[in-house]
Amino acid sequence: MGRVAKIARRTFLVGSAAVAGGVAFGVYKFVEPAPNPLNSSEGRISLNAFVIITEDGVTLVSPKAEMGQGVHTTWAALIAEELDVDWKDITVIHGPPAKAYYNSALFGMALPFKDYKVNDFQQAMREFAGNGAKLLSLQMTGGSTSMRDGFERMRLAGATAREVLKRAAGKRLGLAPDALETRDGQVIAPDGRTLSYQDVAVEAADINPPSVELRDPSTWRYLGTSLPRVDMEDKITGKAMYSIDVVLEGMKFASVRMSPRRQGMRRFDASAAKAMSGIDGVIDMGEGIAVIADNTWIAMQAVEAVDIDWEPSLYPDTTAGLMQEIEAAFDAAPNTVGRDDGTADADHPGQELLAEYSVPYLAHATMEPMNATALFTDDALSIWCGNQSPTSIQSACAQEVGFEPEQVTVTTTVMGGGFGRRGEADVAVLAARIAKKRPGVPIKLTWSREEDMRRDFYRPAAMARMRGVVNAGQPVAVDVSFAASSVILQSRARPALTPFTVEQAALSGSDPEGLSGAHDQPYQIPNYRVRGHIVPSTLPIGYWRAVGASFGGFFFDSFIDEMAHAAGRDPLAFRIDMAREEHAPSVRVLEAVGEMSNWSAARSAGRALGVGFTYSFGSPVAQVVEVVEEDGAIRIAKVWIAADVGIALDPGNIEAQLTGGCLFGLSAAVMGEVTFRDGEAEQSNFYDYDALRMGAAPAFDVQILENAPYIGGVGEIGTPPAAPALGNALFALAGKRARTLPFNQSFSFV
Amino acid sequence: MTVKLVVNGDALESASAPDTPLLWVLRDEFGLTGTKFGCGVAVCGACTVHVDGEAMRSCQLPVGDVDGAVTTIEGLSDGETLSAVQTAWVAHQVAQCGYCQAGQQMQAASLLSDNPQPTDADISAAMNGNLCRCGTYPRIRAAIHTAAAALREG
Ligand code: FES
Ligand code: FES
């Protein structure tokens, strides 16, 4: 008995961080409890811990990676809403790799439902399918699933913890738990006596939790309001610790240069590098070299000074060759049929439209370059790495050094952007490979920006062939074929680091995700077919903000715009009509963005609007872009966004994600392109792979709607409609339809 | 041979070669990791610090050439009291991933010391070298106006 501070033996190890003097509470097993990842020194806590009550307040363990999307803040609000703790007493930390933190929403999304038509039965199925994620240890931040995943579980975690705390307090006070109230970390009796959560936490941890009812949203205090982010102050004072900032006693600094052609080296000559001062060693990494040095700058200079003869790439070594590889996939039968309403391939009376679209490879270019720190000893490996998937880092690093996963500790830090790139384990594996050569010495591996660009897992390039028929102002048919490599299939088949072979790249299977933004749009078109041709390629590709929908949305919505113009219809009204009988929340976002932008009002010469719409990650988003011609160059002046997220947990954060996601999409649409020569990416830094800057960024006006019945994703949904909205505005301005991204090949921008 | 520096008011000595960029002396030698590495070639602004109050890209500034007092993000506040720029950044909840924000704030602080009432065009011109991959520009712009007003009111 007694306050938690005295229970020093209950120290929780969360990754390598210890939360001392705490008591853990958690949400309860779904079917079978997954092993509790928070080792107490007694090893007896049987809950999946999400909440640790300590002397100073409440520590929440987030399995979700903070990439900048504000997930820790909303995660905390979900628990605090039920637990009744004061906002300022909450600390959020990243959880260690563990099965208990499985991502049920990501797994559930793989079911072949028309997402926007999800009903209660399907929602239940989706949650049930989510159990499978636990079996696969899928602890992954991506697919905009964080809030869909945490929405129920975190409130349950808070509510069950509250109820056992009340029961423990009731026992002490001799009162029934129902007679007690909770507020700001206190249990309060009717006569005014109070016990703090700390006072009763130890006893509470031994009480079997009752089943709890979640509070009605009308009583919410935190959820639904714009909360100050829990990470804001650290981030603006320079105190936030990204993995690039890890400092360990005796640490050495390393950099790498791995094959930009993704095969091995024929030979290398490191004599010039070895002659540089401050060098501690050049390491043969098999597919490249590493240098350990006194500081990161010396290491980066030295890796560039090594003379290396690379093996040629297995994939076509030019952009033209890679695009041919993509186009050739149209010759084979489609692997995926995402939708097939009516008879899209039949001859339908009306005006026929045919068009081909294409998009290039894209880099992630997270602001913080890839990095990881590793410390190898005889029987343990410690990794510090900002990442979206700690369980895969743990297993890949264990395999690299020949350990069991339990011997590998992964500490996840906040990260300077993820966008899908930090779901890959490659940089952590490289750090482990170097550290194994220097047992007992912590090695901080930092990539140069150039290495980051040439060793990315690119957003795939893609092509689309579109056929549409309109008649009497109505859409009659749309028949769509995409060709692209499959991110889902490739990332499952591809090893974390070693070169991807032709055999591994010969993927079979289907991939509805690769048709996102097209097959899943809430439109009634009598004949509506969407098919995908998977391109078997050894060029490494990966998740990217909204991946499939980032190009599928561009292809599909741009073509819908073409159909509207061919039908002689207003493009906004054309879309609203198609959605009218299919999905009311989508109609509302389209109408809202029309009202916000004063869509039907005439614009002066040299000024035009375009609308873009994409339903993705459970949320419909409409954007209207206004472009202005200024001395022969085009300025993106303004963007209006309306999005329906079902339940807006934190409107301020959602607004930031929508505008940020839109700017991410606009940057790619205006100037994003990775090209290849000699099997290597030609872009190397922000001077040749840039993004919109302050001077070119539009003003925004955002409206968040809540008509959809289920909570939708937020972090990625701002991206897909941005490119089509801009392209449609450019068409309205100039009468020229650009079907190939980036747009700066066809237009000049300020 | 050592290089003498004043960083955030502290006299420090660097044992790094004089051609080492100040960025890496701050980060790897002094452990002042608030200043960030983004590009290494002066095109992203993540590494921005002040030398005698003027914004400089520390990734392209050899430590041997530093000829004034260095201020980093760790020295922008007055102890626990946040600077006007930082206070505005909190008020507008600017940061997403936050990685670019040390550089953004150092650049903004230097803009405001030269120009107490910047227009939108002034802000665009001064901040164009500072990339933000998360797209926080609208809030940065608003926060700069807020900080400018707070500084003018004293
Ligand atoms: S790191 Fe210095 S400007 Fe990018
Ligand atoms: S806040 Fe992430 S790069 Fe600016």
So in chain A, what percent of DSSP beta bridges are antiparallel if you round to the nearest 5?
75
Ignoring the sites themselves, what is the longest stretch of chain A with no GluC sites (Glu not before Pro) in a DSSP loop and at most 12 other beta-carbon atoms within 10 Å?
A:250-580
Return the FRET efficiency for the residue pair A:ASP379, A:VAL247: r is the Cβ-Cβ distance, R0 is 35 Å, and the value is rounded to the nearest 0.05.
0.90
What stretch of chain A, leaving out the sites themselves, is the longest with no trypsin sites (Lys or Arg not before Pro) in a DSSP loop having at most 10 other Cβ atoms within 10 Å?
A:45-735
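Given the DSSP H assignment, sum -39500 (n - 2.57) over each helix run of at least 4 residues in the protein assembly as shown and divide by its residue total; what's the result at 222 nm in deg cm²/dmol, nearest 500?
-9000 deg cm²/dmol
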Counted neighbours (other Cβ, 10 Å), sorted fewest up, put A:VAL470, B:VAL49, A:VAL401 in the order A:VAL401, A:VAL470, B:VAL49
Please order A:TYR357, B:TYR99 by the number of other Cβ within 10 Å, starting at the fewest.
A:TYR357, B:TYR99
Let's see if you can work this out: charge +1 on each Lys and Arg Cβ, -1 on each Asp and Glu Cβ, no other charges. What is the dipole magnitude of the stretch B:84-153 about its Cα centre, in debye to the nearest 20?
220
³J(HN,Hα) across the stretch A:494-508 via Karplus (A = 6.51, B = -1.76, C = 1.60, θ = phi - 60°), whole Hz, x for Gly/Pro?
7, x, 4, 9, 4, x, 7, 8, 4, 4, 5, 7, 7, 7, 10
When the charge dipole of the protein assembly as shown is computed with +1 on Lys and Arg Cβ and -1 on Asp and Glu Cβ about the Cα centre, the Cα farthest towards its positive end, among A:PHE731, A:TYR242, A:ALA681, belongs to A:TYR242
Which one of A:TYR357, B:ASN130, A:ASN653 has its Cα pushed farthest toward the positive end of the charge dipole of the protein assembly as shown, where Lys and Arg give +1 and Asp and Glu give -1 at the Cβ?
A:ASN653
Give me the compactness ratio for the protein assembly as shown, meaning the Cα radius of gyration over 2.2 N^0.38 Å.
0.94
Can you compute 3J(HN,Hα) from phi for each residue in the stretch A:565-578, using the Karplus curve 6.51 cos²θ - 1.76 cosθ + 1.60 with θ = phi - 60°, rounded to whole Hz and x for Gly and Pro?
5, 5, 7, x, 10, 5, x, 6, 5, 4, 5, 4, 4, 5
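Sequence gap at least 6, Cα distance under 8 Å: using those rules, report the relative contact order of chain A to the nearest whole percent. Don't jump to the answer; show the numbers that get you there.
Values: 1789 pairs, mean separation 96.0, N = 750.
Contact order relative to length: 13 percent.
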With unit charges on the beta carbon (Lys/Arg positive, Asp/Glu negative), name the residue among B:LEU26, B:GLY68, B:CYS47 whose Cα is farthest towards the positive pole of the charge dipole of the stretch B:3-75.
B:CYS47
Size of the stretch B:3-75 as Cα extents on the principal axes (Å, biggest first):
28, 24, 21
Place a +1 charge on the Cβ of each Lys and Arg in chain A and a -1 charge on the Cβ of each Asp and Glu, then give the dipole magnitude about the Cα centre in debye, rounded to the nearest 20.
980
GluC sites (Glu not before Pro) in the stretch B:42-121 lying in a DSSP loop, each with at most 15 other Cβ atoms within 10 Å of its Cβ, come to B:GLU80
Amide H of A:ILE634 versus every other amide H placed in the peptide plane: which residues, excluding those fewer than 5 positions away on the same chain, fall under 5 Å?
A:SER748, A:PHE749, A:VAL750
Using amide H atoms built 1.01 Å from N in the peptide plane, name the residues 5+ places from A:LYS64, or on other chains, whose amide H lies under 5 Å from its own.
A:GLY95
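Readers should treat all values here as calculations from the given coordinates under stated rules, not as data from a laboratory. The shown structure was predicted, so the numbers you read here are calculated from the model rather than taken from an experiment. Cβ sites come from the backbone with ideal geometry, for glycine too, and all protein chains shown count toward neighbours.
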